[in-house]
Amino acid sequence: MDHHVSVTVDGTVYSGTVESRTLLVHWLREGIGKVGTVVGCDTSNCGACTVLLDGRSVKSCSVLAVQADGAAVTTIQGLATGDEWHPVQVAFKECHGLQCGYCTPGMVMATVDLLSENPNPTEEEIREGLEGNLCRCTGYHNIVKSVAHAASLMGGTK
Amino acid sequence: MIPAEFDYVRPGSVAEAVAALKSGGEDAKVLAGGQSLMPVLRLRLGAPPVVVDCSRLPELQGITETGDSVTIGAAATHHAVMTSAVVKSGVPLLAQATATVADPAIRHRGTLGGSLAHADPAGDLPAVALALDATFTIAGAGGTRTVSAADFFVDYFTTAVGPDEILVSVTFPKLGAGWGTTYEKFNRTAQAWAIVGVAAAVKVEGGKITEARIGLTNMSPTPVRASAVEAALVGAAGADAINAAAQAAAEGTSPTSDLSAQADYREHLARVLTGRAVCKAAGM
Amino acid sequence: MTETLATTTAFGRPIKRKEDANLLHGRTNWTDNIQLPGTLHMALLRSPMAHAQISNVDVSGALAMPNVVAAYSAADLGDLNGGVPCVWPVTDDIVMPVFPALATDKVRHVGDCIAVVLATNAASAEDALASIDVDYAPLPAVVNMEQAINNPPAAVHDAAPNNTCYVYNLGGGFDEVAAKADVIVKRRFINQRLIPAFMEPRAVVAAPMGMSDEITLWSSTQVPHILRVLLALVTGIPENNLRVIAPDVGGGFGGKLTCTREEILVTQLARKLGRPVKWTETRSEDMVATHHGRDQIQDIELAATKDGKFLGLKVTLLADMGAYLQIITPGTPLLGMFMFPGIYKMDAYSFKCTGVFTNKTPTDAYRGAGRPEATYAIERIVDEMAAELGMEPMELRKKNWITHEEFPFTTVAGLTYDTGNYEAATAKALDLFGYDQLRAEQKRRRDAGDPIQLGIGISTFTEMCGLAPSRTLGALKYVAGGWEHCTIRLLPTGKCELITGTSPHGQGHETAWSQIASSILGIPVEDIEVVHGDTGRAPYGMDTYGSRSLAVGGQAIKVAADRLVEKARLIAAHQLECAPSDLEFREGVFYVKGDPSKSQALGAVAFEAFTAHNLPDGVEPTLQAESTVDPQDFSYPHGTHLAAMEVDTETGKVTLRKYVCVDDVGNQVNPMIVEGQVHGGLAQGIAQAMYEGAVYDEDGNLMTASLADYTLPSAADLPSFITDTTTTPSTTHPLGTKGVGEAGAIASTPAIMNGIVDAIRHLGVNDVLMPATPQTVWRTIQSAKGAR
């Protein structure tokens, strides 16, 4: 069964035909070429596929593309404004919050969401806020520092 | 990884949803947040011919309150539930337990109704609904009916919701003043399902527990009330009495043995964690 | 041998990574991104059974499914059904079974490949798998190693009726020293099976290139060069017609140090069908189809005098090979073989390892590859000896370790450690840890009978990395060398290309190699492009694993850069009309000594080398230099790791409260990257101790077959770490650097487990199985109580 969908992704409206079973992450990657968002697992544990859907973090592997019809999606590719990096991107680079980079799109989008709800998180709140995003390279230590640094860049008082 | 083919329909009303389920046959599945259904589909553990998306049904939205209860639409997301001022003040135990479900991204999509109707024995919310004697409003071809929590959970992954019915809303009584609550979740890692969970609500008057409600997660195919503990807690004042009462926590349970825990360890945990949860809820 | 690097100090600075801009903006090139016109997507039918005879593999049902272009069984493929190679026949009489890409008459582990489907889209390929018919005649599953060799329910391979792949012996003399010992402590440790679980699932694309016979293969691999050689040997494709590219690779940890069934099939089928073929694994496939790590049963005996002087060590291992031998499967335990004595002096060391076939996923390298297993055994047995003797475990270590003055030191295992300073690292670690205060708190809790007990875990480790001197590899029967290559080109416009044979997958080589070259050549880091991972552009290399890229690859960079400067010197001297020895080279510029107004920058030399209008006789145009370095020795970083462990004795739950480590990796190119490598290693080693374990049931089914059941830690399950370093430069590396990639994973596991045992030893516990889940710890306490 096919459906027509129209989704605003990173500020641009994309329309297309999807099967019922097409996952949002596959439509992003293969349907519209947004390869910055990746797939890491099949049980919604790893969070590498995290994007913002209508402003909230979701795991795009557990959303059907047809469910995103009419919605606005933000991916890692839509965070920067022209040449100006998003503070979370700045912070991850400054704090060495990534190594291989595969978990990074999801980790960054989860961080954007975390800080939108809690602009001034404690270390414990950061760690719990990222419990849905697995990383195998960094041991999380510098990711936590990156999030705290991003919070300060964005005006959190810590 | 990629689900088998299925038809997707998004009805505009409960009546349409019920009709879609009926025409879809007994293997049709309701889709709400999809956080339980999507992994099943991706691993091809299930292959429903049609998926009925109920997440946007107007009748399933919203959180409302009366003087003595809070009614939550089945499609309310976990995030909406745990951040709702109405829930936090009226049914704090539900907010506490919901905050432990999965992770933030999953909570943005997963729904209260979906979790309860899925009835995973390791799910956190059924024990809360049972402890609080929630009532469930279910819609079918013949109209709506209400079912008590005690009757709602029938077996593992099985509830009173029939094949052509959908859960519309869940109503939680407010406990009122003098009650303390906590949800104690014991797991191997933060992402992992509860090995055992304890939903505890206790009323403390004059330094003593006068009433207790204890729901246990993952101690049986359905959530269970630790009724023996509830009875033994009346009059308890202090940690020693609470822990003594908590020794009855495994009574009436039939925990499984799985990769995370054998049954005897679960029983032990139920006793220890019930004591701790009650102490915390009672402030003793 | 250690030279100080001149001038521009990009070397040693924690500069931010060049890799990050692309990675942080989703401008990535994962193999799965590749979409070529005409691609056929490959799906594999995998065995649901651990051990069975298979017959009547019938793919006709799949061929009838929509969008399916081809489907093959092993019989259909015939000679194209290449064999997965193993490059390490560790003994002359090793049993090396044929390992076909598609199983022919038997399946030997859950996940073994039976048939392949190719369709025009991935979903259709997956859909078609259910239509393939196979007759299975189940056989008993071989799951328990001791049973496999002593009382086998079946033979995994007919050539090994008692499932013994090999027996390897090293050393000896333990019995003699044991006879004279006052104390012998004996323990059995289980170093459990793990799954590498890199975040990027493996993917492979092979494409015939236009009208030629060339095939280009993209693979999420750590070893593009090795893969090229092996695929050429396996498939018969001439090596010069094969180009292998590792694009962006999302983690490896040894799990992508492979030549796999899937890579062979994709390559063969692309050539056969004349179209691109693509395969991307699902995570569920990864759990059973990518090799597993570790899996040893270790019987360890340590003999000592009553004063705590170590006399000898005896190690007897059963090492689970799994169902087949992959690239270095039999050799992984031998990489650890030399490291069981650790940092300690002793008179005798006996080692025996039996490689055992089982009906499980093959094992192979996983971060540390043999050395974590060795370090675990020695650091645990040392703590057990301390308990036996009533000595402080740190004091026992100090009494036996190689002192700083004794380096270089040749161990009882035959390795010569070049440098080290265990005293300095330990003193720093103890101070950072607050050792005395934590011991005091431990005593308070113990005296009070607190339900939460505290333990202190110690791990003082060294490791053998920087694979490896080629002659040593040859002596060990490893069928490859351990050299590394670098070519540096200075382009006419002043930019620099650094071509390396290393193949990074998160380690920051583009940044670190730029720093090395920049500090020698005086060229800004941002003007240096590091080219890697593509045999078409970087033809020579031995790739990245075994903490070798800086330890070996870094040597090649240094030598090549020095050679480039020397060639430039000849040109500059000629053009400045002086002798080469009259020039000094500073910050990228040649100056005439005594007359610095006469100078020529390296970039100008490069342009002169391009125009060739005025080159000295005998000097060829273009400015480039290369080096292929065979390291003279392994690299021996070391460190002291301390863990404060809380054990809730009522529930068994363990909490890592504080983790301190001081590591000595010699000179550091980029301390930020070094620290990041340590963090990542710590997380994996801690996870082995506390969270992870691949579990099989008695029928050979993998019970931990998804990330829901194989519990990797998230940020919420780990604390921040306190890390520091000491610097004792290597004397066998011109940069004075040592390897670091695996150190954290090697050191941390015994630190955690020693801490847990220390917390509850007073309850009668002297070992806890890994992972130390709450149930495991609780049961261990109950058993100990029951035994009293």
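Derivation of every value follows stated rules applied to the coordinates shown; laboratory data play no part. Since this is a predicted model, take the numbers as computed values, not measurements. As a convention, Cβ positions derive from the backbone with ideal geometry for all residues, glycine included, and neighbour counts pool all protein chains shown.
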Looking at (1) in contact with a His (Cβ under 7 Å, 6 or more places away or on another chain); (2) outside any strand (DSSP E or B); (3) at the interface with another protein chain (Cβ under 9 Å from one of its Cβ atoms), which is the one condition that is false for A:Glu30? (1)
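Does the range B:165-177 contain any residue that is under 30 Å from C:Pro771 (Cβ atoms) and out of contact with any helix residue (DSSP H, G or I) (no Cβ under 8 Å at 6 or more places or on another chain)? Break it down into steps so the answer makes sense when it comes.
Taking the range B:165-177 as the starting set, the residues that turn out to be under 30 Å from C:Pro771 (Cβ atoms) are none.
No: zero hits.
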Which of the residues spanning the range C:733-752 are part of a loop (DSSP other than H, G, I, E, B), buried (at least 24 other Cβ atoms within 10 Å of the Cβ) and either out of contact with any Lys or Arg (no Cβ under 7 Å at 6 or more places or on another chain) or acidic (Asp, Glu) (or both)? C:His733, C:Lys738, C:Val740, C:Gly741, C:Glu742
Selection from the range C:639-656 of residues in contact (Cβ under 8 Å) with a residue 12 or more places away in the chain and under 28 Å from the mean Cα position of the chain (by Cα) yields C:Gly639, C:Thr640, C:His641, C:Leu642, C:Ala643, C:Ala644, C:Met645, C:Val654, C:Leu656
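Within the range B:88-114, which residues are among the small types (Gly, Ala, Ser) and within 11 Å of another protein chain (Cβ to nearest Cβ)?
B:Ala99, B:Ala102, B:Ala105, B:Gly110 - these are the residues of the range B:88-114 that are among the small types (Gly, Ala, Ser) and within 11 Å of another protein chain (Cβ to nearest Cβ).
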Checked the range B:216-249 for anything of a type in the set (S, T, N, Q), assigned to a loop (DSSP other than H, G, I, E, B) and surrounded by 17 or more Cβ atoms within 10 Å (Cβ to Cβ); matches are B:Asn218, B:Ser220, B:Thr222
Being surrounded by 16 or more Cβ atoms within 10 Å (Cβ to Cβ) and within 25 Å of the chain's Cα centre (by Cα): is that true of C:Ala425 here? yes
Just one listed residue, out of C:Tyr710, C:Tyr636, C:Tyr659, is under 21 Å from the mean Cα position of the chain (by Cα), closer than 25 Å to C:Thr375 by Cα, among the hydroxyl-bearing types (Ser, Thr, Tyr) and within 14 Å of another protein chain (Cβ to nearest Cβ), and it is C:Tyr710
Filtered residues of the range A:1-27 (kept if more than 25 Å from A:Thr111 (Cα to Cα), buried (at least 18 other Cβ atoms within 10 Å of the Cβ) and more than 9 Å from every other protein chain (Cβ to nearest Cβ)): A:Val5, A:Val18
Check on B:Thr210, in contact (Cβ under 8 Å) with a residue 60 or more places away in the chain, surrounded by fewer than 17 Cβ atoms within 10 Å (Cβ to Cβ) and of a type in the set (Val, Ile, Thr): no
Going residue by residue through the range B:250-262, is there one that turns out to be within 14 Å of another protein chain (Cβ to nearest Cβ), buried (at least 19 other Cβ atoms within 10 Å of the Cβ) and β-branched (Val, Ile, Thr)? no
Which of the following residues is among the aliphatic types (A, V, I, L, M), crowded, with 24+ Cβ neighbours inside 10 Å and assigned to a strand (DSSP E or B): C:Ala694, C:Ala689, C:Ala643, C:Ala683? C:Ala643
Condition met for C:Leu118 (within 14 Å of another protein chain (Cβ to nearest Cβ) and within 26 Å of C:Thr216 (Cβ to Cβ)): no
Being under 27 Å from B:Val18 (Cα atoms) and within 13 Å of the chain's Cα centre (by Cα) narrows it down to one of B:Gly140, B:Gly113, so name that one. B:Gly113
Can you tell me which residues in the range C:29-40 are surrounded by 22 or more Cβ atoms within 10 Å (Cβ to Cβ) and touching a helix residue (DSSP H, G or I) at 6+ places or on another chain (Cβ under 9 Å)? C:Asp32, C:Leu40
All but one of (1) touching a helix residue (DSSP H, G or I) at 6+ places or on another chain (Cβ under 6 Å); (2) polar (S, T, N, Q); (3) surrounded by fewer than 24 Cβ atoms within 10 Å (Cβ to Cβ) hold for C:Thr725, so report the exception by its number. (1)
Among helices (runs of 4 or more DSSP H) entirely within the range B:10-87, at least 3 residues that are within 11 Å of chain A (Cβ to nearest Cβ) and out of contact with any Phe, Trp or Tyr (no Cβ under 8 Å at 6 or more places or on another chain) occur in B:37-42, B:78-83
